[in-house]
Amino acid sequence: MVCPYLEDLWELYLLGVLGAEDANTVSEHLATGCPRCMEQMREATLTVYLLAQTGRTVRPHPKSKASLLRRLRSH
Amino acid sequence: MTPRKQSRPSGPRSRQEKGPSAFPGTFARIAARDKTALLELYARLAPWMLAMTLEITSDRQDAASAVEETFVRLWLEAPRLPNKGFSVIPWLVLTARRVALQRRWDRSGTQKGSSFAPGPLSDSFAWLPTQAEFDRLEQRRELLRRILRQLPKHQHEALMLAVWDGLGEEAIAQRLGEPLARVQSGLRAGMRFIRHRMRVVLGTWSALI
Ligand SMILES: [Zn+2]
């Protein structure tokens, strides 16, 4: 049963910290759709989402919306 | 590699600064190919996504391009946007983070992190939090801030190198001049501590959903 081993790895997996072997173990297990681990993955997603916040905001360049719109038109 | 700025973030934003939460109707409009809705979402999310990508890349142009790229991907995925109450915002943030790290690695000619890259949105529903979970984020945010301050210094340092420099465990060990095994066990212990404290305060995860 790989689930207990993975318990400590979800956030580190999402951050891209793990070595190849552990990362592969995680993604292979996720592919099985194990409900218990999916639940933990969703919890970890929220934690990583919060970790990646800086506490600041940066105003986008005034032309950034126009630039995005140009890219959208090409799709 | 560009030098680190002096005041790097050490955890999630404070409660005083309102993070994005629900966007009622916006994702449904984007799914219906409404460009105005996408631009509205961009206007609301871009300032703090840009702060994250700028922290990672230390380059204004790379940072902006990572955010733009993320919104283009969202647009391409629009017809497959979930309509079952999943929050797409974590997918946007993780995607922008990964694109920003890639820009940084491209510039420095090295890749020091490992593999995780959020796949297409349509493959990500299984791990996306529900909107209800996402709406309870404020409590979790404040708690995480407090817990991070309680982490031992070397665990905190290793974690921040992972978050902001995108370093993998081997690169972190090199950077800190520590044995790999110590870094691995420190990171795992740190995350275990965070998870345990969160569950004690917030109740078990299962009880939250
Ligand atoms: Zn499992």
Of those in the stretch B:79-138 that are within 25 Å of A:C37 (Cβ to Cβ), at pLDDT 70 or above and of a type in the set (S, T, Y), the residue surrounded by the fewest Cβ atoms within 10 Å (Cβ to Cβ) is B:T130
Identify, by number, the condition in (1) under 18 Å from the mean Cα position of the chain (by Cα); (2) farther than 20 Å from B:L38 by Cβ; (3) at pLDDT below 75 that B:E55 doesn't meet. (3)
Is it fair to say B:L38 is at the interface with chain A (Cβ under 10 Å from one of its Cβ atoms), touching a residue at least 40 places away in the same chain (Cβ under 8 Å) and of a type outside the set (S, T, Y)? yes
In the stretch B:51-106, anything in a loop (DSSP other than H, G, I, E, B) and within 21 Å of A:E43 (Cβ to Cβ) is listed as B:P82, B:K84, B:G85, B:S87, B:V88
Determine, yes or no, whether B:L167 is surrounded by fewer than 20 Cβ atoms within 10 Å (Cβ to Cβ) and not assigned by TED's automatic domain parsing to the domain that holds B:S108. no
Going by the conditions given, is A:L30 open to solvent by 20 Å² or more (accessible area, probe 1.4 Å), within 13 Å of the ligand (Cβ to nearest atom) and more than 7 Å from chain B (Cβ to nearest Cβ)? yes
With the first residue restricted to the stretch A:1-14 and required to be facing chain B (nearest Cβ under 8 Å), and the second required to be β-branched (V, I, T) and within 13 Å of the ligand (Cβ to nearest atom), Cβ contacts under 7 Å at 6 or more apart or on different chains are A:L9/A:V26; A:Y13/A:V26
A:T25 more than 7 Å from chain B (Cβ to nearest Cβ) and either within 16 Å of the ligand (Cβ to nearest atom) or open to solvent by 80 Å² or more (accessible area, probe 1.4 Å) (or both): yes
Tell me, yes or no, whether the stretch A:36-57 has at least one residue that is more than 7 Å from every other protein chain (Cβ to nearest Cβ), open to solvent by 40 Å² or more (accessible area, probe 1.4 Å) and touching a residue at least 12 places away in the same chain (Cβ under 8 Å). yes
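The values are calculated or read from the model by the stated rules, or taken from the named source; none is laboratory data. Just so it is clear, the model here is predicted, and its values are computed rather than measured. Glycine gets a Cβ as well: all are built from the backbone with ideal geometry, and neighbour counts include every protein chain shown. Side chains are part of the model used for accessible areas, which takes the heavy atoms of the whole protein and leaves out ligands, DNA and RNA. Shrake-Rupley method; radii C 1.70, N 1.55, O 1.52, S 1.80 Å.
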